[in-house]
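Q: Structure below; questions to follow.
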Amino acid sequence: MVKRSRDVAKFEKRAKARQEQDSKLAQSWQYIKDSDNEEDEDYGPRSFKEEESLGEMLPVRGEDGQIKRVMRKKGDKISKRKLEEQAERQRQEEEEEAAREAAEAAAAEQAAKEAAEKEEEDDIGDSDFEEEDEVTGEARFRKAQAEIAELADQLNEDAEENIHCLRKIRELMGRKQSFRVVQLTILSLVPIFQSIIPGYKIRPLTEAEKREKVSKEVKRLRNFETSLLQNYKAYLDYISKFSKKARGSTEGTMKRILGDSCVVAACELLKTSAYFNFRSDLVAIVVNRVGQKPYDANYFKALSTIESLFEDDFEGSAVKEIVMSLSKMIRAKKYRIDESLLNSLLKLRLLTELDARASQRHVESQQAPTAKVRKKDRVHLTKKQRKTLKEKKEIDEEMLKAEMAVSTEEREKIQGETLKIVFVLYFNILKERPQHLMAATLEGLAKFSHLINADFFGDLLEVLRELITERQIRYTDDGKQEFLETSTREALLCIVTAFVLLGGQVGESMNLDLTFFINHFYSSLYALGLNPDIELSHKSLRLDDPNTNESASNKRSKINVATEMEMVVRSFEGIFLQQKHVSRLRVQAFAKRLATICLQLPEKSCMAGLKILDRLNKKFTVMTALYSSDDRITNGVYRMDVDQPDHANPEASTIWETVLLEKHFSPDIAKAAKLVPRNVKKNKH
C-alpha cells in the first residue's frame, strides 16, 4: 500500500514537470514570432487566399482562338467522364460554327449565281442558243447524254450523298448551250425528279429546329431536302419562263419547241408529284396552256393531265386548286375557251362518291384478306396474351375509325368548296350565254344538279325555262319547219336537269311543277325519232356525210358525255318510273308516241324504247286498253299532231306498232316486241 502511494506521487511529479516545460516552450515561440514581425515583416513568405482555395487546370482554347486559364476549387473532384463530355461539347460547338459559316458562304454564292443566271435568262430567244454545224452538234449532244446518264446513275445509287449532281445537270440548261442539249436536259430531269422526290411534302424548318443539335443522319437528310427544294424550284422557274415565252411564237421555232417540252415536263411532274412542294407552279403552267391556242397535241396532253387528276385525286386538295385556277382563267378570258376544257369538269369526283363507296355500318379495311390458319399451325397463346391481343385489336379498330372519320370530314369540306366553285362558274356561263359553252354547262348541271342548294331551285328552273323557250324557235327552209339538232340536244339537257332536281329529296318536298318541261319533251319526241345520230357519242367512229359540209368530228364534239337516247331514257324515268302519281292521259299519250318513234329508231335505241314501254306496262294498269282491239266507248279520235299529252285523246288509240316490230330484221327486237303485249295480258289477269 505504501509502495503504491509512492508510485502515484512520482507520476504526479513527472506530469507537473512536463506541463511546466510545455508552457515555457510556448512562451518562447510566441516571443520569437512577435519579435520577427516587429523587426522585418518582408522576410516572411507571402500568402494568397485564392491559391489556398483554387487549383490550376489545363488551359483551354476559346471560340476566338485565345488560350484561357482555367481554375477550380481544390476540394472539387472532376471525373474523367466529365472532362471528356466537356471536350466533346466544345468540339461540336466548333464544328457547328464552322459548318454554319460555310453554309452561309455557300448560300450567298449560290444566290449570286442564281441571280446572274436569272438575269441572263430574261431575254432568251432563238438567237441565244449556240449555232453549230451538224457534226459538232451531234458530238456535243452525245457528250451531254453520257454526262446526264452518269450523273443520274450517281443520284440513283445514293441521292442524299450525291445531291450535288442535280446542280451539275441543271447547269446544262445554260444560255451558251445548244438547243438540243437544253431540250434533252429539260426532259431528262423529269424522271430524275420523279425518282428522288420523297413521298411526303417537305416542311420548312423553324428557327428553334435550326438551332437544336441533331445527329449526323438528320443533318444529312436536312441537307438533302434543302438542296432538292432549291434545285426543284429553280427548274420549275426555268420551265415556267420558257412556257410563257412560247406563247404566240411561230410553230417550228426553237422557242416554241422548248415551250412545248416544258409543258410536257410539267404535265408529267403534276401527274406523279401533285402532293409535293411548289404544286401551284405546275398547275399554273398546265392551266395557262389549256387556256391558249392552238388546240394541238400539246393542248390535249395538258387537258388529259387535268382529267386524270380529277379522276385519281381522292383527297381533293389538288383538284380544288386546279378548279380554282381554271375558273379564274375562264373568267379572265371572258369565256373564250374551247368546249373540251369545260367538259373536263364532268370528270370530277365530288360528294356523291363518298356516299356510294362508304359503308355506314362498318369500316371497310384497306388490307387484303388474310388466309385462314390451320389449327396445327396456330401459335399457342396464354390467357393473358389472348386478352392483351384482343385489347390491342379493339384499340386499333377505334384508331382506324377515328382516322377515317377525320379524313372523310376533310374530304367533304374540300369537295364542298370545289363544288361551290364549279356551280359559280356554271351560273356565270348561264348568265353570259356563250353559245359554244351552253351544251357543256347544261350537261354539267344535269350531272351535279342534285347537289345544288334548294335556295337556287327556283332561279335555276327559270333559267332552264328561258333556254328551252329560245330553242323552241323553228327555222323555216323551203316552207318546212324543223328543230335544229343542237337545239334539241340542249333542250333535252334542260329537261334532264329539271327532273334531277325533282328526283332529290328536297325537290319532292317542294312539289315543283314541271308541266312545261314535260310538254316540251313530248313535242320533241318526233324530231328525236328522225335523228340518225341519236346514238352518236364522242367515242363513235363515223364517216363524213358527202351531202353536208359538216364533218363527223364536228358532230362528235357536240357530244359531251351522254348520248341523246340516254337522255331520253333518263327523262322517261324521271317523269314516270320515279314518280308515284302520274295522270292516266299522260301515261297513254307518251306510250303511244314512244311506240311510234320506235319504228324509226336505230337498233339499240329501239331496244331501249321497247324496254321502257315494257316497264310502263308493268307499272300502270291503264296501259291494258292500248293493246286491246275490242270495241270500247271513246270520244273523238287520237290527235297525234297535238303537242300536249293531256289534249291528244290517247284513249282512242291502240299500240299496233309492236306487231310491225315483230318482223324487224333484228331477232332481238322481234323477240322483245312479242314479249311487250304478253306482259300486259299477264298484268290484266
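Q: Can you go through 605, 553, 540 and tell me which one is assigned to a helix (DSSP H, G or I) and either modelled with pLDDT under 80 or surrounded by fewer than 18 Cβ atoms within 10 Å (Cβ to Cβ) (or both)? If you could, list the steps in order and put the result at the bottom.
A: Details: 605 fails: either modelled with pLDDT under 80 or surrounded by fewer than 18 Cβ atoms within 10 Å (Cβ to Cβ) (or both); 540 fails: assigned to a helix (DSSP H, G or I).
None of the other options fit; the residue is 553.
Q: Something else: So in the stretch 328-346, with the set limited to residues that are of a type in the set (Gly, Ala, Ser) and either in contact with a strand residue (DSSP E or B) (Cβ under 7 Å, 6 or more places away or on another chain) or surrounded by 17 or more Cβ atoms within 10 Å (Cβ to Cβ) (or both), which one is nearest to residue 415 (Cα to Cα)?
A: Across the stretch 328-346, the extreme among qualifying residues is 344.
Q: List every residue pair whose Cβ atoms lie under 7 Å apart, where the two residues are 6 or more positions apart in sequence or sit on different chains, the first residue falls within the stretch 451-475 and is farther than 19 Å from residue 424 by Cβ and assigned to a helix (DSSP H, G or I), and the second residue, located anywhere, is of a type outside the set (A, V, I, L, M, F, W, C) and modelled with pLDDT under 75.
A: 471/487
Q: Hey, another quick one. Can you work out which of the residues in the stretch 264-278 that are within 22 Å of residue 317 (Cα to Cα) and assigned to a helix (DSSP H, G or I) is farthest from the chain's Cα centre (by Cα)? Give the derivation first.
A: Taking the stretch 264-278 as the starting set, the residues that turn out to be within 22 Å of residue 317 (Cα to Cα) are 265-278.
In the following step, the residues that additionally are assigned to a helix (DSSP H, G or I) were identified as 265-272.
Details: 265: 18, 266: 15, 267: 14, 268: 14, 269: 13, 270: 10, 271: 9, 272: 10 Å.
Out of the qualifying residues, it is 265.
Q: Could you list all residues from the stretch 634-658 that are free of Cβ contacts under 8 Å to residues at least 12 places away in the same chain and either among the aliphatic types (A, V, I, L, M) or not in a loop (DSSP other than H, G, I, E, B) (or both)?
A: Across the stretch 634-658, the qualifying residues are 642, 647.
Q: Also: Pick from 256, 247: which is assigned to a helix (DSSP H, G or I), at pLDDT below 85 and surrounded by fewer than 22 Cβ atoms within 10 Å (Cβ to Cβ)?
A: The unique qualifying residue is 256.
Q: Between residues in the stretch 411-425 that are more than 14 Å from residue 317 (Cβ to Cβ) and residues that are loosely packed, with under 14 Cβ neighbours inside 10 Å, which pairs lie under 9 Å by C-beta distance while being six or more apart or on different chains?
A: Final answer for the pair search is 423/453.
Q: Here's another thing I want to ask about it. Restricting to the stretch 559-590, name every residue that is in a loop (DSSP other than H, G, I, E, B) and crowded, with 19+ Cβ neighbours inside 10 Å. Step through it out loud before you land on a result.
A: Step one: filter the stretch 559-590 for residues in a loop (DSSP other than H, G, I, E, B), giving 559-563, 578-583.
Correct list: 559, 560, 562, 563.
Q: May I pose another question? Could you tell me which residue of the stretch 507-536 is modelled with the lowest pLDDT, considering only residues that are assigned to a loop (DSSP other than H, G, I, E, B) and over 19 Å from residue 495 (Cα atoms)?
A: 536
Q: Further question: Do you know which residues across the stretch 301-349 are assigned to a loop (DSSP other than H, G, I, E, B) and over 15 Å from the mean Cα position of the chain (by Cα)?
A: At the first step, the residues of the stretch 301-349 found to be assigned to a loop (DSSP other than H, G, I, E, B) are 313-316, 333-338, 348-349.
The answer is 333, 334, 335, 336, 337, 338.
Q: Now a separate question. Does any residue of the stretch 400-422 turn out to be modelled with pLDDT of 80 or more and polar (S, T, N, Q)?
A: For the stretch 400-422, residues modelled with pLDDT of 80 or more and polar (S, T, N, Q): present.
Q: Follow-up question, since we're still on this one. Report, by residue number, each residue of the stretch 279-300 that is outside any helix (DSSP H, G or I) and either among the polar types (S, T, N, Q) or crowded, with 18+ Cβ neighbours inside 10 Å (or both).
A: Of everything in the stretch 279-300, those that are outside any helix (DSSP H, G or I) and either among the polar types (S, T, N, Q) or crowded, with 18+ Cβ neighbours inside 10 Å (or both) turn out to be 291, 292.
Q: With the requirement that a residue be part of a helix (DSSP H, G or I), surrounded by 11 or more Cβ atoms within 10 Å (Cβ to Cβ) and not charged (D, E, K, R), what does the stretch 196-217 give you?
A: 196
The values are calculated or read from the model by the stated rules, or taken from the named source; none is laboratory data. Note that the coordinates shown come from a computational prediction; the quantities given were computed from them, not determined experimentally. Heads up, the Cβs are rebuilt from the backbone with ideal geometry, glycines too, and the neighbour counts pull from every protein chain shown.
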